[in-house]
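What follows is a short report on a single structure.
The values are calculated or read from the model by the stated rules, or taken from the named source; none is laboratory data. What you see is a predicted model; the values in this text were computed from it and never measured. In this analysis, Cβ positions are derived from the backbone assuming ideal geometry, glycine residues included, and neighbour counts consider all displayed protein chains. These area figures cover heavy atoms from the full protein model, side chains too; ligands, DNA and RNA do not enter into them. Shrake-Rupley method; radii C 1.70, N 1.55, O 1.52, S 1.80 Å.
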Amino acid sequence: MAKISVIGTGYVGLTSGACFASLGHEVVCADIDPDKVACLNRGEIPIVEAGLEALVEEAVEAGNLSFVLGAASAAAEAEFHYLCVPTPQSEDGSADLTYLKAAAAEIAPVLRPGSVVVNKSTVPVGSTTVVAEALDRDDVFVVSNPEFLREGTAVADFLDPDRVVIGGDDQDAAVRVASLYAKIAAPILITDPLSSELIKYASNAFLASKLSYINAIGELCERVGANVDDVVKGVGADHRIGSNFLSPGPGWGGSCFPKDTVALRRIAKDAGYEFNFLDEVLNINEEQFDRVAQKIANSATSKKVAVLGLTFKAGTDDLRNSPAIEVIQRLIDAGLDVCAFDPVIDETALEKSCPGLAVSLAADPYSAASDASVVGILTEWPEFAELDFAKLNEVMEAATIVDARGLLNAKLLGRRGFRYRGISS
Ligand code: UGA
């Protein structure tokens, strides 16, 4: 079993740290935020992530997971060092490597000879070299090991992945990183760092493209009068296409897809290739926000509209680049009064992520819908399918539902007196 330091305790670092510890490794997680470290040391998990709290608790009790302030104190004793820091989007679309370089520079003086620094953050092609330069140590190795964790299912994705990708110029260092996953039954692909880094971007941008494609097909279904659910079923039944990740929605978002698609566009441009296809993928997504907002606005017969769901998808409390927020902003711009409800978002969380957004928050779906003429379903929280629709109808001024997530049963809603509008109806 290995000693691992994890630098950065966001959802990637914390999940990776807790999962490595659950596999039996000895893990120390570090963060620069003293409040976060104190909170983790009290056993509190600062994010909504299924199964993570229990995993952290178990690993801390077993004595193989701890949290410290500052990267250097975590790194001193370890053999592997996972860099899991943010790489936000800079103004030119490229990924900002400030945190990555700072973390590397901080751990450099304390690294034991022969240890391996692993890039898990999503970093541009060539960043393994950037980290090696920031470390400025001939006696340590740098390896790329991108993460493919979805928020909300990150623990399950880590412990049961489709593949583990490792990119290293030094075969021995790459094999040592692979051995950390020995207890996981998944194919391991060992390649060079550039290919490993590109695999991450190519995967995220492909998935974003798949979604833009199916959202555009949804638009077409509406125009020609086809049934989008049946079209998706029929298309997804082809194994070469697959039915996963093929649900039309209000557009895609989150902290990764928008940033990584823009970054891949930039990487291509810097390499002399105009990846125009990705422009269209991004454009279609913007159009989808517009389209869903228009559908809600066009259905409104009064100034007040309600939206259910604020997070970028269900199972997370993350509001970053949320399609729901994009749609709400467009509704506000159209002069509508928006009242929202989300099961995991309160005013503090909303103000922190979307300062100044002129939306009022309700304590439950019925209060949000009270006196509204239309309700938009923008996040696929399962509880929205279990609402008391007779009660919802009673409190609304007019009963229209725009179901941008394809979550509800249109026939049942018709029986409850609603006008139902789906993604293509
Ligand atoms: C994504 C990738 O799926 C992970 O593999 C990757 O590791 C991660 O980014 C990352 O780079 O760190 P995540 O951002 O958690 O994970 O979100 P997804 O579950 O991929 O969803 C992205 C967006 O697509 C959401 O807005 C979601 O609602 C939307 N979506 C997803 C659809 O509209 N339809 C679908 O069928 C699936």
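Computed values, structure above
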read-out	value
Among residues of region 360-400, those that are closer than 16 Å to residue 311 by Cβ and either modelled with pLDDT under 95 or open to solvent by 50 Å² or more (accessible area, probe 1.4 Å) (or both), counted	3
Tabulated pairs, region 23-39, first assigned by TED's automatic domain parsing to the domain that holds residue 8, second aromatic (Phe, Trp, Tyr) and in a helix (DSSP H, G or I), C-beta under 7 angstrom, 6+ apart or interchain	27/20
Residue selected from region 246-282 under the condition among the aromatic types (Phe, Trp, Tyr) and within 15 Å of the ligand (Cβ to nearest atom), by the criterion nearest to the chain's Cα centre (by Cα)	257
When residues of region 114-156 are limited to those that are among the charged types (D, E, K, R) and in contact (Cβ under 8 Å) with a residue 24 or more places away in the chain, the one nearest to the ligand (Cβ to nearest atom)	151
Hits in region 285-329 - residues which are assigned to a helix (DSSP H, G or I), open to solvent by 50 Å² or more (accessible area, probe 1.4 Å) and within 11 Å of the ligand (Cβ to nearest atom)	326
Residues of region 197-216 that turn out to be small (Gly, Ala, Ser) and within 7 Å of the ligand (Cβ to nearest atom), as a count	1
Filter result (acidic (Asp, Glu) and surrounded by fewer than 17 Cβ atoms within 10 Å (Cβ to Cβ)) within region 10-54	33, 35, 44, 53
Failed criterion for residue 252 (all others in (1) closer than 22 Å to residue 49 by Cα; (2) in the same structural domain as residue 388 (by TED's automatic domain parsing) hold)	(2)
Unique match (being away from the ligand (no atom under 16 Å from the Cβ) and among the hydrophobic types (A, V, I, L, M, F, W, C)) among 48, 12, 6, 27	27
Filtered residues of region 232-284 (kept if farther than 25 Å from residue 197 by Cβ, open to solvent by less than 30 Å² (accessible area, probe 1.4 Å) and outside any loop (DSSP other than H, G, I, E, B))	232, 236
Leading residue by the ranking (nearest to residue 293 (Cα to Cα)) among those in region 218-252 that are touching a Ser or Thr at 6+ places or on another chain (Cβ under 9 Å) and of a type in the set (A, V, I, L, M)	220
Matching strands (runs of 3 or more DSSP E) fully within region 92-208 where at least 1 residues are over 20 Å from residue 78 (Cβ atoms)	164-168, 188-191
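Table: residues versus (1) more than 16 Å from residue 200 (Cβ to Cβ); (2) buried (at least 19 other Cβ atoms within 10 Å of the Cβ); (3) outside the structural domain of residue 275 (by TED's automatic domain parsing).
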site	(1), (2), (3)
79	yes, no, yes
95	no, yes, yes
102	yes, no, yes
117	yes, yes, yes
130	no, no, yes
133	yes, no, yes
143	no, yes, yes
148	no, no, yes
